[in-house]
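Report on the structure given below.
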Amino acid sequence: MKKLLLLGGSAQQVIAIETAKKLGCYTVLCDYLTDNPGQYHADRFYLVSTTDKEAVLDVAKKEKIDGILAYASDPAAPTSAYVAEKLGLPGNPYDSVEILCNKDRFRKFLAENGFCTPKAQGYIDIKSAMSDIENGFFKMPVIVKPVDSSGSKGVGKIENADEAAEKLEYAMSFSRAKRIIVEEFVEKYGYQIAGDGLSVEGKLVFRYFANDHFDPKCINPFVPISASFPYNMPSEIQNKIHNEIQRLLSLLKMKTCTYNFDMRIDRDLNVYLMEVAPRDGGNYIPDVIKYATGVDLVECSIKAAMGEQIDCSGFGSPSGFWSYYAVHSYDDGILKDILISDEGKKHIVENHIIKKAGDKISSFTGANTTLGCLLMRFDSMEQMLDMMDNSEKWIEVVLE
């Protein structure tokens, strides 16, 4: 039986462990959290941080693994590529994965290769960032982010120099590498674009784009609360986005890999690749895509990690209107109830709410503070967009 080492055992990552076992793999799991649910599904568990490259490499050697996968995890993706490269296992170039997973290197790469990208600069100290903001190096407003966090944690928008210090400090607090990036704000046309994709030997053979939805009432309004499929722009715009992604993958010499996208277009229909992460999307995006298209990206990611052939001939055409919705709170407190109207309930196809009455919960500042996800189906594009843009009409989180 071939062995697959999986990095990360959160509730949303359990599906990768279960799918790997269904495909006949012996599953080994690394996670630094003692209470991760994945350990109860994997064949063997190691209490090891997924960002500790050398420790994970030691586990990989000890277990004599045949493949390694960082499912739905940005922080662990470089570790996966590093171990694969060291052991000659299937994977993508380590340096390319590092570029995709570090926002300052990614922006620099895009600029050097003629992609549309905002003016940006990485910093290892807040004093230098403050100096550039105060001296007019950037056109305001700007966005500040940790270079290496996921789930929109630590992201802030700076309108003027007076509010810069606090938001720079906040972003830095979420960076493991203690690096931040400041970039000029890109005004989007229509919805921000989400979605996942798959390349086989460097060719983008599948992608399914979505509309990103945000809640301006959240403390961090830059965390998506939903991605709704399909993207509501014409095919010529989607093809233009596809071509830009393909150009990026070719330049980076990517191989067989799944991806999670965050992109924008402006009023001139210029494409901005905000993030192209070399891993499946979180918040059950692959599950939503499977409902809509029949394509199992979880299975594809496991086969890619194991060096197995992926048959794309059965990839069907999308149908229906689907989304995930991240249930979230505006405040810290003790959860009393989650009220969902009858109209909301009739659209839910899977309920992955992980918090229950009496649990201590946090305000929604990143993907790690969600109360769980709902997978939903709708009757039309209009209905879907309205319900995701106006979720207060059908769901309410009640605190004690």
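The values are calculated or read from the model by the stated rules, or taken from the named source; none is laboratory data. A quick note: this is a predicted structure, and the numbers were derived from the prediction, not measured. For neighbour counting, all protein chains shown are included, and Cβ atoms are generated from backbone atoms with ideal geometry for every residue, glycine included.
Okay, here's what the table says:
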quantity	calculated
Qualifying residue in segment 239-247 (condition: under 29 Å from Ala11 (Cα atoms) and touching a residue at least 24 places away in the same chain (Cβ under 8 Å))	no
Qualifying residues in segment 333-372 (those that are polar (S, T, N, Q) and in a helix (DSSP H, G or I)) - the one surrounded by the fewest Cβ atoms within 10 Å (Cβ to Cβ)	Asn368
Output for segment 51-79, where each listed residue is part of a helix (DSSP H, G or I) and within 20 Å of Pro146 (Cβ to Cβ)	Lys53, Ala77, Pro78, Thr79
Close pairs (6 angstrom Cβ cut-off, 6 or more residues apart or separate chains): without any contact (Cβ under 8 Å) to a residue 40 or more places away in the chain in segment 31-44, polar (S, T, N, Q) and surrounded by 15 or more Cβ atoms within 10 Å (Cβ to Cβ) anywhere	Tyr32/Ser49; Gly38/Gln13; Ala42/Thr27; Asp43/Thr27
Breaking point among (1) out of contact with any helix residue (DSSP H, G or I) (no Cβ under 6 Å at 6 or more places or on another chain); (2) farther than 30 Å from Lys3 by Cβ; (3) of a type in the set (Val, Ile, Thr); (4) in contact (Cβ under 8 Å) with a residue 40 or more places away in the chain, for Val288	(2)
The one condition in (1) under 24 Å from the mean Cα position of the chain (by Cα); (2) modelled with pLDDT of 95 or more; (3) assigned to a helix (DSSP H, G or I) that Cys30 fails to fulfil	(3)
Residue match in segment 328-344 (condition: in the same structural domain as Ile289 (by TED's automatic domain parsing), modelled with pLDDT of 95 or more, charged (D, E, K, R) and within 26 Å of Gly281 (Cβ to Cβ))	no
Condition met for Ala11 (crowded, with 19+ Cβ neighbours inside 10 Å and in the same structural domain as Glu85 (by TED's automatic domain parsing))	no
Residues located in segment 40-49, provided they are closer than 24 Å to Asp296 by Cβ and touching a strand residue (DSSP E or B) at 6+ places or on another chain (Cβ under 6 Å)	Ala42, Asp43
Residue list for segment 51-72, restricted to those being over 16 Å from Ala304 (Cα atoms) and in contact (Cβ under 8 Å) with a residue 60 or more places away in the chain	Thr51, Glu63, Lys64
Pick from segment 166-186, criterion among the aromatic types (Phe, Trp, Tyr) and out of contact with any Lys or Arg (no Cβ under 6 Å at 6 or more places or on another chain), ranking: surrounded by the fewest Cβ atoms within 10 Å (Cβ to Cβ)	Phe185
Residues of segment 193-221 that turn out to be in a loop (DSSP other than H, G, I, E, B) and crowded, with 22+ Cβ neighbours inside 10 Å, as a count	0
Matching residues in segment 373-400 - criterion: being within 21 Å of Tyr191 (Cα to Cα), in a strand (DSSP E or B) and of a type in the set (D, E, K, R)	Arg377
Test result for Ile17, surrounded by 15 or more Cβ atoms within 10 Å (Cβ to Cβ), aliphatic (A, V, I, L, M) and in contact with a His (Cβ under 7 Å, 6 or more places away or on another chain)	yes
Set Thr34, Thr51: member being hydroxyl-bearing (Ser, Thr, Tyr) and in contact with a helix residue (DSSP H, G or I) (Cβ under 7 Å, 6 or more places away or on another chain)	Thr51
Unmet requirement for Tyr189, which otherwise passes all of (1) within 23 Å of His328 (Cβ to Cβ); (2) touching a residue at least 40 places away in the same chain (Cβ under 8 Å); (3) surrounded by fewer than 23 Cβ atoms within 10 Å (Cβ to Cβ); (4) of a type outside the set (A, V, I, L, M, F, W, C)	(1)
